[in-house]
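Worksheet: one structure, shown below.
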Amino acid sequence: MLGDLIGGVGTYLHDVFIIQFSWWVALGFLAQAMFFMRFAVQWLASERVGRSVVPTSFWVFSIAGGFLLLIYSLQRRDPVFIAGQGLGLLIYLRNLQFILRGRRDGSISKPA
């Protein structure tokens, strides 16, 4: 029984990660990596100063990952994913606009 379960899981993983692999899947993995990086840079920046901060690079990685995931979801024709990534992109772009405007008018200083 355990052998059948392990064999079934192995067959499933082989199908998902090997047989179905395509350029679109590679793009999806790249997009997920970009999206992960936003958490990594936020965590490292917070650890560096000892408090929670959201660096500009968080929003840059959010936009890059969100844009690539939107392209991927459009290709997959997934309405839930399309709606989520589309709205997310608007929010990420708006936050970056606030940061850039704040730097321009001097209310936000550039990071060291």
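Since every read-out is calculated from the coordinates, none of them should be taken as a lab result. Just so it is clear, the model here is predicted, and its values are computed rather than measured. Using ideal geometry, Cβ is built from the backbone for each residue, glycine included, and neighbour counts are taken over all protein chains shown.
Couple of notes before you dig in:
- Checked against the criterion of being surrounded by 11 or more Cβ atoms within 10 Å (Cβ to Cβ) and either on the phi < 0 side of the Ramachandran plot or in contact (Cβ under 8 Å) with a residue 24 or more places away in the chain (or both), the candidates ASP78, ASP105 yield just one match: ASP78.
- Subset tally (residues that are under 25 Å from GLY65 (Cα atoms), part of a helix (DSSP H, G or I) and over 18 Å from the mean Cα position of the chain (by Cα)) for segment 24-53: 3
- Residue match in segment 15-22 (condition: loosely packed, with under 14 Cβ neighbours inside 10 Å, out of contact with any Lys or Arg (no Cβ under 6 Å at 6 or more places or on another chain) and touching a residue at least 24 places away in the same chain (Cβ under 8 Å)): no
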